[in-house]
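In what follows, a structure is listed as C-alpha cells, so that the remarks can point back to it.
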Amino acid sequence: MRHRLIVPGAIAAASLLLAVPASAAEPSPGSPGVGDPYYPDYGNGGYDVSHYDLRLTYRPKTDKLAGTATLLATAKQDLSRFNLDFALDVSEVRVNGKKARFDTSGAHELRITPAAPLAKGEKATVVVRYQGVPSKVEVNGFTSWHRTEDGGVAANEPEAAWWWFPSNDHPTDKASYDVSVAVPDGTQAISNGTLQSQRSRAGWTRYNWRSRAPQATYLATLAVGRFDITKAKTDSGLPIINAYSKDLGEHEGAARASVERTAEITEWLEGYFGTYPFDAMGGYVPNTDTTFALETQTRPFYSPDDFADGSNTSVVVHEMAHQWYGNSVSVKGWKDIWINEGFARYAQWLWSEDQGEGTAQELADYAYASHPADDPFWKVAPGDPGPDNQFHRAVYDRGAMALQALRNEIGDKDFFAVLKGWPQLHKGGNADVGDFVAYAEKVSGKPLAGLFDTWLYQPSKPASKAAGTAAF
Ligand code: ARG
Ligand code: ZN
C-alpha cells in the first residue's frame with residue numbers, strides 16, 4: 001500500500017530534503033510496525049526496548065490480570081509518538097515520569113504521545129498500568145491466553161505477548177525480563193529464567209522470575225495454576241526448574257518421564273550445537289487442551305497432549321534445540337522460520353539416530369517417500385512459506401530434508417561444523433536464511449545456492465539428483 005503513495009510523495013519529500021538540513025527535521029511518529037512482510041503491523045518502529053519489568057497480579061477465579069509494565073527503551077529517531085503492541089485495557093501511561101496521552105488505534109496497537117518528544121538516542125522509561133481478562137480479549141478472532149481450570153497460560157507463535165504485556169512485538173527487538181507475579185497462596189506462577197525469590201504475604205504469593213539473556217517477545221511466557229515445581233541443578237550448576245500442573249491425570253507419568261530428561265537432552269544437544277546459551281533450563285506442562293509445544297526461552301511450554309501416547313523425549317529435543325536455533329539466534333523476519341523449525345526437526349532426527357530408532361538419513365528418505373510428487377506438501381517452500389504456512393509440516397520435514405541434503409553435499413565434518421558454528425556466530429542476535437546459506441558456503445567452500453534453491457524455494461518435489469544424495 002505504501003508503494004502507491006510513494007510516487008507522488010517522493011517528489012515532495014525529495015525537494016523538502018534539499019531545502020531543510022536533516023538535523024532540523026521535526027520529530028516524527030514511530031511506525032506502527034517494523035515492516036515484516038508477513039505481518040506488517042507487528043513490532044513498532046522508532047525505538048528499541050532493552051528491558052521489560054512486569055509486576056502483575058493474577059486472580060485465577062476471574063482470570064483477571066492487572067499490574068504495571070516498565071519498559072526501558074531508547075529512541076532510534078526524533079520521536080513525537082510511538083506504538084506498543086497490546087490488547088488489554090490501559091489506565092495510565094507515563095514516559096520519563098510524565099503522564100503521556102495514549103489511545104488504542106488498532107486491535108493490538110497502543111499509541112503513546114509523550115509530553116515531550118524524545119530525541120534520537122534518548123533513553124526513555126515507559127510505564128504502562130493495565131488490566132484485563134485475557135481469555136476474553138480476542139484479536140483477529142483469537143486469544144493466545146489459554147484458560148485452564150486453575151489459571152491460564154500465554155503461549156502462541158508469533159502472537160503471545162499482546163494478552164499479557166505491552167511490547168515491541170517482533171523478534172528483532174530482544175530484551176531482558178523481570179517478571180513478578182502475585183497469585184493466591186496455593187497457586188504458582190511460572191515464567192522464564194531463574195526464580196529469584198518467592199514470597200507470601202496476606203494470602204498472596206509473589207513469584208519473581210528473571211530472564212537475563214536477550215529474549216524475543218513471543219518467547220516470554222507466563223503460566224498460572226496449581227503446579228508442582230521441581231528444582232535441581234545441572235552438572236555445571238545451572239538451575240533446572242520444571243513445573244507440572246497438579247491436574248495432569250493419566251498424562252502425568254509420561255510428562256515427567258520426558259521433561260525430567262531436559263538436562264540430559266540439553267547436554268546431548270551441546271555436543272552438536274555448542275555450549276547451552278542460557279543460564280537456566282526446564283519445562284512446564286499446564287493442564288491446557290492445546291495440542292502444541294512452544295520453545296519459550298529457557299523453559300518450553302508443553303501440552304498434556306504431547307504426552308498422550310507415553311513419554312516423548314523427541315518433543316523435548318525439539319524445544320530445547322530451539323534454544324540455540326530460534327531463541328539465542330532469532331529470525332530477522334518471520335519468513336526465516338526454517339532456521340527455527342527445520343533445525344529443531346533435524347535435531348529430533350539426530351536424537352532418533354542416537355536412540356537407535358532410525359538414522360537421520362532413514363527418516364529423511366521416509367519423509368521424502370511418504371509425499372508423492374503431487375502432494376500439496378511440495379507446494380510449500382520452507383524458505384519463504386508465507387504467513388499462513390509458517391508452521392506447515394513442510395517447513396519442518398522438508399526443512400529437515402534440506403539439511404540432510406546439505407549434509408550429504410558437504411560431508412559430515414563441514415556439516416557438523418556449520419551446525420555448531422552458527423549459534424556461536426549469531427549468539428543473542430538475529431539472522432536470516434541468506435545468512436545461513438552464505439555461512440554454509442563459507443565453511444564448506446562449496447557453492448550451495450542451487451541446493452538451497454531446490455530444497456527451500458521450489459514449489460515442487462526435488463528430484464533425487466538435485467538433492468545431491470545417492471540415497472534419495
Ligand atoms: N515453534 C513451535 C514448535 O515448533 C510451533 C508453535 C506453533 N504455534 C501454534 N500455536 N500451534 O514447537
Ligand atoms: Zn519448533
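The values are calculated or read from the model by the stated rules, or taken from the named source; none is laboratory data. This one's a predicted model, so the numbers in the text were calculated from it and none came from an experiment. As a convention, Cβ positions derive from the backbone with ideal geometry for all residues, glycine included, and neighbour counts pool all protein chains shown.
Filtering region 307-331 to residues that are without any contact (Cβ under 8 Å) to a residue 40 or more places away in the chain and among the charged types (D, E, K, R) leaves only Glu319.
For region 252-281, taking the residues that are under 17 Å from Val329 (Cβ atoms), in contact (Cβ under 8 Å) with a residue 60 or more places away in the chain and part of a helix (DSSP H, G or I), the one that is nearest to ligand 1 (Cβ to nearest atom) is identified as Leu269. Are any of the residues in region 406-418 within 16 Å of ligand 2 (Cβ to nearest atom) and out of contact with any Ser or Thr (no Cβ under 9 Å at 6 or more places or on another chain)? The answer is no, given that none of the residues of region 406-418 is within 16 Å of ligand 2 (Cβ to nearest atom) and out of contact with any Ser or Thr (no Cβ under 9 Å at 6 or more places or on another chain). Within region 290-304, the set of residues being away from ligand 2 (no atom under 12 Å from the Cβ) and free of Cβ contacts under 8 Å to residues at least 40 places away in the same chain comprises Thr291, Ser303. Of all residues in region 337-350, those satisfying the criterion of being surrounded by 22 or more Cβ atoms within 10 Å (Cβ to Cβ) and within 14 Å of ligand 1 (Cβ to nearest atom) are Ile337, Trp338, Ile339, Asn340, Glu341, Gly342, Phe343, Ala344, Arg345, Tyr346, Ala347.
Kindly indicate whether Val380 is within 25 Å of Trp268 (Cα to Cα), at pLDDT 95 or above, out of contact with any strand residue (DSSP E or B) (no Cβ under 9 Å at 6 or more places or on another chain) and crowded, with 18+ Cβ neighbours inside 10 Å. When the stated conditions are applied, Val380 does not pass them. Comparison of Ala417, Ala360, Ala373 shows that the only residue that is away from ligand 1 (no atom under 16 Å from the Cβ) and exposed (fewer than 14 other Cβ atoms within 10 Å of the Cβ) is Ala373.
When region 282-322 is limited to residues that are of a type in the set (D, E, K, R) and outside any loop (DSSP other than H, G, I, E, B), the one that is farthest from ligand 1 (Cβ to nearest atom) turns out to be Asp305. Scanning region 239-248 for residues that are surrounded by fewer than 18 Cβ atoms within 10 Å (Cβ to Cβ) and either free of Cβ contacts under 8 Å to residues at least 12 places away in the same chain or in a loop (DSSP other than H, G, I, E, B) (or both) yields a count of 2. Taking region 51-78 only, how many residues are crowded, with 21+ Cβ neighbours inside 10 Å and within 23 Å of the chain's Cα centre (by Cα)? Looking only at that region, the number is 7. Under 7 Å between Cβ atoms, which residue pairs at least 6 apart in sequence (or on different chains) link something in region 154-177 that is in a strand (DSSP E or B) with a partner that is basic (Lys, Arg)? Filtered contacts from region 154-177: Ser176/Arg212.
Residues of region 383-397 that are buried (at least 21 other Cβ atoms within 10 Å of the Cβ), part of a helix (DSSP H, G or I) and not hydrophobic (A, V, I, L, M, F, W, C): Tyr396, Asp397.
Within region 252-276, the residues that satisfy the criterion of being closer than 20 Å to Thr148 by Cβ, surrounded by fewer than 22 Cβ atoms within 10 Å (Cβ to Cβ) and in contact with a strand residue (DSSP E or B) (Cβ under 8 Å, 6 or more places away or on another chain) are Glu252, Arg256.
Hey, does region 191-205 have a residue that's within 16 Å of ligand 1 (Cβ to nearest atom), buried (at least 22 other Cβ atoms within 10 Å of the Cβ) and modelled with pLDDT of 95 or more? Within region 191-205, one or more residues are within 16 Å of ligand 1 (Cβ to nearest atom), buried (at least 22 other Cβ atoms within 10 Å of the Cβ) and modelled with pLDDT of 95 or more. Restricting Ala400, Ala463, Ala405 to residues that are touching a helix residue (DSSP H, G or I) at 6+ places or on another chain (Cβ under 9 Å), surrounded by fewer than 15 Cβ atoms within 10 Å (Cβ to Cβ), farther than 25 Å from Thr172 by Cβ and of a type outside the set (Ser, Thr, Tyr) narrows the list to Ala463.
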